[in-house]
Amino acid sequence: MSLLPLIIVNPASAGGATGAAWPGLASEVRRHFGPFEVAFTRRGGEAEEIAEREARAGRALVVACGGDGTINEVVNGILRAGARAELGVLPSGTGGDFRRTLKIPTRAADAARHLRDGETRVLDAGRVHFTSEGGEEETRFFLNVASFGMGGDVIRRVKERAGLSAGASRLVGGRLTFALAALQSTLTFEKPAVRVSLDDGRESRLVVTNFCVANARFFGGGMKIAPGAVLDDGLFDVVAVGDMSALAILTKSYRVYLGTHLGMQDVRHAHARRVAAQPVAGEEVKLEIDGELAGRLPATFEIVPGALRVRCP
């Protein structure tokens, strides 16, 4: 007997709005998708544990209901299980960047219909080996974007804002929340120096505002950081924003939302299957993975072609 699809719900996502909206959301999903089972998370990391357990048990479709962090946990659970479980996405989070690349609608009824009628695609994933906050070596998968530099500081501010006022976070909205955090970081962030190599080539020393290893196109609450990224081409889009002044960042940031920044003088773009990065002179450089603070450099990023089956519109 086959198991029903499982929806893993992070009620704390979107500043707690997901938990409050779940009864109505569940009704829409049942009406437009069909029967399912549900599991609620109560702490960070639990979505990964549930997804791994259920994938090993033979669950064919595991749906992440939350933001990019929830999706990342479910992806890691499925991939660590080594099973053929398929990932589904029911958007409900602050950033919502991965669903933008797949063009998954935010309206519950539409998203549910896409879960029911969508096609299965086999997509690449990134795998990053890095240093945890405790100084230990750690490995995680990601579907969207991993970055270091100002992105980590922006994520920290977004999380602090959400923690201080969940109601305000819901009122302001995801894109504006990220934009306000980015403005604060622009004015205060000290840009780190790093050493980077692509595909085991010659190492380069860079001072970076932000350095992104992108599998998908968007990060930071709607910034189109890698406008040409393809989810199944076996390559990362690597985008390095160099030592830009605060004034330049403020006056040109709109180009990142439009995806027209790759031709700018201080922006470098390349494709790679493997990226290695380490700090210069003992600097602590924070790493974020799919919108969550994960640890710090040194880190190595590797593409895993055809890693995951995903239900797509």
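Relative to the 2.2 N^0.38 Å rule of thumb, the chain has a C-alpha radius of gyration ratio of 0.96. Available extension along the chain between Thr188 and Leu247 is 20.0 nm, counting 0.36 nm per residue and deducting the alpha carbon span.
About its Cα centre, the dipole of the chain is roughly 860 debye, where the only charges are +1 on Lys and Arg Cβ and -1 on Asp and Glu Cβ. A Förster radius of 45 Å combined with the Cβ-Cβ distance from Arg205 to Arg30 puts the calculated FRET efficiency at roughly 0.20. Projecting the Cα positions of Ala281, Leu250, Ala193 onto the charge dipole of the stretch 126-306 (unit charges on Cβ atoms of Lys, Arg, Asp and Glu, taken about the Cα centre) puts Leu250 furthest along the positive direction.
Taking one quarter of the surface of the C-alpha convex hull of the stretch 126-306 gives a mean projected area of 10.2 nm². Taking the Cα centre of the stretch 16-157 as reference, the dipole from Cβ charges on Lys and Arg (+1) and Asp and Glu (-1) amounts to some 520 debye. Using a simple spin-label model with pseudo-atoms 7 Å out from Cα toward Cβ, Gln265 and Arg43 lie 5.2 nm apart.
To the nearest 500 deg cm²/dmol, what mean residue ellipticity at 222 nm is calculated for the chain from DSSP H runs of n ≥ 4 alone, each contributing -39,500 (n - 2.57), summed and divided by the residues? After summing the helix terms and dividing by residue count, I get -10000 deg cm²/dmol.
Placing +1 on each Lys and Arg Cβ and -1 on each Asp and Glu Cβ, with no other charges, gives the stretch 98-144 a dipole about its Cα centre of roughly 500 debye.
The gain in end-to-end length when the Leu176 to Ala21 segment is fully stretched comes to 53.7 nm, 0.36 nm per residue minus the alpha carbon separation.
Protection proxy ranking for 217-225, 51-59, using the average of other Cβ atoms within 10 Å per residue and placing the highest first: 217-225, 51-59. Over the C-alpha trace of the stretch 6-117, radius of gyration and Dmax come out as 12.6, 34 angstrom. Contact order, relative form, for the chain: 22 percent (alpha carbon pairs under 8 Å, 6 or more residues apart, mean separation divided by residue count). Amide hydrogen proximity for Leu308: with H placed 1.01 Å from N in the peptide plane, the residues at 5 or more positions away or on another chain lying under 5 Å are Leu123. Averaging the sequence gap over all C-alpha pairs within less than 8 Å and six or more residues apart, then dividing by the number of residues, gives the stretch 6-117 a relative contact order of 30 percent. Toward the positive end of the charge dipole of the stretch 6-117, with +1 on the Cβ of Lys and Arg and -1 on the Cβ of Asp and Glu, the farthest Cα among Thr70, Ala55, His114 is that of His114.
Where a number appears in this text, it was derived from the coordinates with a stated rule and is not lab data. Note that the coordinates shown come from a computational prediction; the quantities given were computed from them, not determined experimentally. Using ideal geometry, Cβ is built from the backbone for each residue, glycine included, and neighbour counts are taken over all protein chains shown.
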